[in-house]
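A short write-up of the structure that comes next.
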Amino acid sequence: MQKLISSVVRHLIEKYATTDPLSIAEEMGIQVVPWDFPDEIQGMYKYERRNQFIFVNENLSEKERNFVLAHELGHAILHPTHNTSFLRDNTLFSVNKFERQANKFAIELLLPDEVVHSYQDTNLTKQDIMQMQGIPTHLAHLKRIQKILESGIFFFYDHVRVIILLLMLL
């Protein structure tokens, strides 16, 4: 599933020519709503009657909002009919597969391999780069750095779902 998520994210970045989760959500017709949640709730994805909504805690910093939005966008794309909440303590450290997948999606979107490779001649660690991008550093284990092929094209066919997801995004 990790390769599938990476492939889906690369396709989105190519299709929408951005890594900005807000722009992608808007282009996909997903409504993004700032909401005054209590501190422990960072965001929420809701699917209702074929409509998709992402609610983001308006009290978060810009980098936190961006990560939460990317995480919830992951749910909208990977688990479109499954309603979720992003809880500060439970989601970032979750063992739930949907939450791990949404975290992986967010990391791949906000920190594509090309960005990581642009820092290759520096002394920055992966954690340093993640922190600069607003990604919680304790999620560093979810980002595998891959060698970028000259073609820049990655397609993984480990699972039939990749074809379905790619078709949905076209």
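The values are calculated or read from the model by the stated rules, or taken from the named source; none is laboratory data. The shown structure was predicted, so the numbers you read here are calculated from the model rather than taken from an experiment. For neighbour counting, all protein chains shown are included, and Cβ atoms are generated from backbone atoms with ideal geometry for every residue, glycine included. The protein model used for the area step is the full one, side chains on, heavy atoms only, and it has no ligands, DNA or RNA in it. Shrake-Rupley method; radii C 1.70, N 1.55, O 1.52, S 1.80 Å.
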Mind checking whether some residue in the stretch 85-97 is farther than 27 Å from residue 129 by Cβ, open to solvent by 10 Å² or more (accessible area, probe 1.4 Å) and in contact (Cβ under 8 Å) with a residue 24 or more places away in the chain? yes
When only residues in the stretch 1-15 that are more than 14 Å from residue 110 (Cβ to Cβ) and assigned to a helix (DSSP H, G or I) count, which is modelled with the lowest pLDDT? 2
Conditions (1) out of contact with any Leu (no Cβ under 7 Å at 6 or more places or on another chain); (2) open to solvent by 80 Å² or more (accessible area, probe 1.4 Å); (3) closer than 21 Å to residue 98 by Cα; number of the one not met by residue 34: (3)
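Among the listed residues 39, 113, 121, identify the single one that is modelled with pLDDT under 90, under 17 Å from the mean Cα position of the chain (by Cα) and not hydrophobic (A, V, I, L, M, F, W, C).
Residue meeting the stated conditions: 113.
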For a quick check of your reading of the model, give me the residue pairs whose first member lies in the stretch 9-30 and is of a type in the set (Phe, Trp, Tyr), whose second is open to solvent by 70 Å² or more (accessible area, probe 1.4 Å), with beta-carbon atoms closer than 9 Å and at least 6 apart or on different chains. 16/27
Give the number of residues within the stretch 32-84 that are among the aliphatic types (A, V, I, L, M), assigned to a strand (DSSP E or B) and within 21 Å of residue 131 (Cβ to Cβ). 1
May I ask you to verify whether residue 101 is in contact (Cβ under 8 Å) with a residue 12 or more places away in the chain, surrounded by 18 or more Cβ atoms within 10 Å (Cβ to Cβ) and more than 24 Å from residue 138 (Cβ to Cβ)? no
